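The values are calculated or read from the model by the stated rules, or taken from the named source; none is laboratory data. Computed from a prediction, not measured in an experiment: that's the story for all the values here. Cβ: placed from backbone, ideal geometry, glycine included. Neighbour counts: every protein chain shown. To get the accessible areas, we keep the full protein, side chains included, count just its heavy atoms, and leave off ligands, DNA and RNA. Shrake-Rupley method; radii C 1.70, N 1.55, O 1.52, S 1.80 Å.
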Amino acid sequence: MLFLKEKILMIKMNLIKIINDGTTINTSGTTGPSKPIWQSAEKIYFANRAAVECQKLNKFSKVYTVCTLDHAGGLFAQTLPAIAVEAEVCIEQFNAFRWVKKIMEYTHSHLTPNMARAVMATKTFSKLDLTGITIMCGSDRVHSSIIKAFIEQGATFIANWGMSEVGPVAINKTFNKGDIVDHTESIMGDSVYCDTKIVNGELYVYGDICVYDDWFPTGDIVSIVDNTYYYLGRG
């Protein structure tokens with residue numbers, strides 16, 4: 001039976017292998033039947049660069065991963081980028097009560113909206129001082145109430161849009177304490193890490209962080225207002 005340190009080392013070695021060799025992941029199934037998507041080492045390299053830049057990750061960062069590594073958000077949003085810059089990574093199954101107890105030990109964490117709501121529902125959330133901690137949130141619509149709750153506790157909060165086929169750090173917006181947050185559940189972002197175009201209302205993406213060599217129709221209907229992308233639904 002392996003000791004904990006040996007298990008951690010094996011996980012890290014496997015993640016490094018993914019960075020070097022690529023891997024196949026399954027789509028989440030939220031936008032249609034789940035299917036396998038090949039992620040080449042080249043795509044992962046550029047996706048990591050985007051994630052590192054967006055979240056200001058470096059070798060002194062400490063990432064608390066609580067999303068499953070089976071899908072893009074858990075694997076690519078913070079975990080592989082952190083490994084790429086030799087940052088510390090802790091990977092655990094999500095538990096809201098444990099998250100609020102441990103988050104002060106880390107600089108970054110990635111949550112789904114439902115995870116964020118579970119954290120907000122804990123008795124100790126309102127007592128947290130998240131100053132200096134970056135929380136990325138994605139995989140589903142991020143309501144403004146979630147953004148407001150986390151930045152009121154001092155967090156740097158990044159609402160993020162991406163897919164297994166692109167990113168997943170592709171379009172996002174960063175909020176800090178004191179920022180005005182519009183009442184919305186459709187915000188995608190104003191920072192873009194790939195080429196985009198809108199055809200009949202549908203978002204198409206293209207670039208180094210995409211798994212395809214041509215324009216990819218995302219199936220998402222979006223609008224752009226004041227250089228900010230908003231999600232309107234599925235086509």
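When the residues of region 41-56 are filtered to those that are out of contact with any strand residue (DSSP E or B) (no Cβ under 7 Å at 6 or more places or on another chain) and aliphatic (A, V, I, L, M), the one that is least open to solvent (accessible area, probe 1.4 Å) is 44. Evaluated against (1) open to solvent by 70 Å² or more (accessible area, probe 1.4 Å); (2) closer than 18 Å to residue 164 by Cβ; (3) of a type in the set (S, T, N, Q), residue 112 falls short on exactly one condition, (1).
Select the helices (runs of 4 or more DSSP H) contained entirely in region 20-136, then report the ones holding at least 2 residues which are more than 27 Å from residue 186 (Cβ to Cβ) and within 16 Å of the chain's Cα centre (by Cα).
Result: 41-55, 80-84.
Taken as a whole, the condition of being touching a helix residue (DSSP H, G or I) at 6+ places or on another chain (Cβ under 9 Å) and open to solvent by 20 Å² or more (accessible area, probe 1.4 Å) applies to residue 143. Within region 60-71, the set of residues being modelled with pLDDT under 95 and surrounded by fewer than 17 Cβ atoms within 10 Å (Cβ to Cβ) comprises 68, 70. Listed by position, the strands (runs of 3 or more DSSP E) inside region 139-235 whose residues that are over 19 Å from the mean Cα position of the chain (by Cα) number at least 2 are 195-199, 202-206, 216-225, 228-234. The residues of region 154-187 that are more than 23 Å from residue 25 (Cα to Cα) and open to solvent by less than 30 Å² (accessible area, probe 1.4 Å), listed by number, are 154, 155, 157, 158, 175, 181, 184, 186, 187.
Comparison of 164, 61, 145 shows that the only residue that is free of Cβ contacts under 8 Å to residues at least 12 places away in the same chain and not basic (Lys, Arg) is 145. Filtering region 201-225 to residues that are in contact (Cβ under 8 Å) with a residue 12 or more places away in the chain and open to solvent by 70 Å² or more (accessible area, probe 1.4 Å) leaves 206, 208, 212, 215, 224.
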